[in-house]
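Step one of this worksheet: look at the structure below.
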Amino acid sequence: MNFPFDEKENVAVFTCCHIINGGVEIQYASHDEDDGAWQFLCDLVTHETSEASIVSLKEIFELDNSVGELASMPLGSYATRVDKNSPWEEFKQ
Ligand SMILES: [Zn+2]
């Protein structure tokens with residue numbers, strides 16, 4: 001599958017240990033207005049600093065190809081979904 005993002009494959013993105021180590025689904029994604037950083041998190045409302053992980057955008061895409069649906073999501077937006085089989089819903093931050 002082609003890499004759909006404009007960013008480089010090795011750009012660092014923020015995620016959490018639940019997704020990387022726990023096999024939990026990605027249910028939240030944001031594309032930050034200030035620095036263009038991507039975050040991909042599970043459905044927990046709060047995350048401790050110790051639960052944060054930094055991986056490459058390519059790693060997240062390979063973990064779950066459906067994040068590629070967000071490739072054109074503009075800066076200053078975030079998206080949520082009920083589960084992996086549900087569509088992403090995008091919102092302005
Ligand atoms: Zn998490």
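Quick note: the coordinates plus some simple rules give every number you see, no bench work behind them. If you're wondering where the values come from, they're calculated on a predicted model, not measured in any experiment. Backbone-built Cβ (ideal geometry, glycine too); neighbour counts: all protein chains shown.
The table that follows gives values for the structure above.
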| item | result |
| --- | --- |
| R0 of 35 Å, Cβ-Cβ distance SER53-VAL82: FRET efficiency to nearest 0.05 | 0.90 |
| Pairwise Cα inverse-distance average, inverted: Kirkwood Rh of the chain (Å) | 13.2 |
| Most positive-pole-ward Cα, GLY68, CYS42, ALA79, against dipole of the stretch 30-92 from beta carbon charges | GLY68 |
| Calculated from backbone phi, Karplus (6.51, -1.76, 1.60) coupling profile of the stretch 25-31 in Hz, x at Gly/Pro | 6, 7, 10, 9, 9, 9, 10 |
| Relative contact order of the chain, pairs being alpha-carbon contacts under 8 Å that are 6 or more residues apart, as % | 33 |
| q = 0.18, 0.23, 0.26 Å⁻¹, the stretch 1-55: log10 I(q)/I(0) [Debye, one scatterer per Cα] | -0.64, -0.98, -1.15 |
